[in-house]
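The values are calculated or read from the model by the stated rules, or taken from the named source; none is laboratory data. Small disclaimer: the values here were computed from a predicted structure and weren't measured. For neighbour counting, all protein chains shown are included, and Cβ atoms are generated from backbone atoms with ideal geometry for every residue, glycine included.
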Amino acid sequence: MTVMNEKKGPTRSAALLEESVIAIVREAVEVKPEQAVTRATSFLGELEMDSLSLVRIDTLLQAKLGLALAADDIEEIQTVGDLIDALALRGQPVTPD
């Protein structure tokens with residue numbers, strides 16, 4: 001679910017979150033520049049990720065966005081869009097060490 005403004009469509013913060021998450025996914029999985037990553041991109045199918053890659057994404061989300069998800073939420077995520085939506089709805093702020 002994207003954060004929506006009735007008159008303007010997706011809000012800037014929702015668009016920024018999506019852009020940031022996609023950049024983090026590209027970094028964590030070392031996606032080739034020519035490969036598209038969208039909300040519909042599947043972690044296990046298209047990106048061929050393993051559980052260590054999800055841990056790396058979680059670590060980068062905490063470091064770069066200051067957001068974390070519960071382990072149960074992470075296990076449910078199938079696509080990049082699922083990750084964005086979970087962060088928007090249930091992302092928990094983390095404080096830097």
- Of 50, 58, 82, which residue is farther than 16 Å from residue 16 by Cβ and over 11 Å from the mean Cα position of the chain (by Cα)? 50
- Message: Filter segment 72-97 down to the residues that are touching a residue at least 40 places away in the same chain (Cβ under 8 Å), in a helix (DSSP H, G or I) and either crowded, with 18+ Cβ neighbours inside 10 Å or among the small types (Gly, Ala, Ser) (or both) and list them by number.
- Response: 80, 81, 83, 84, 85, 87, 88
- In segment 37-64, how many residues are at pLDDT 95 or above, surrounded by fewer than 16 Cβ atoms within 10 Å (Cβ to Cβ) and either under 17 Å from residue 91 (Cβ atoms) or among the aliphatic types (A, V, I, L, M) (or both)? 2
- Yes or no: residue 69 in contact (Cβ under 8 Å) with a residue 40 or more places away in the chain and aliphatic (A, V, I, L, M)? no
- What tally of residues in segment 4-22 results from selecting those that are β-branched (Val, Ile, Thr) and at pLDDT below 90? 1
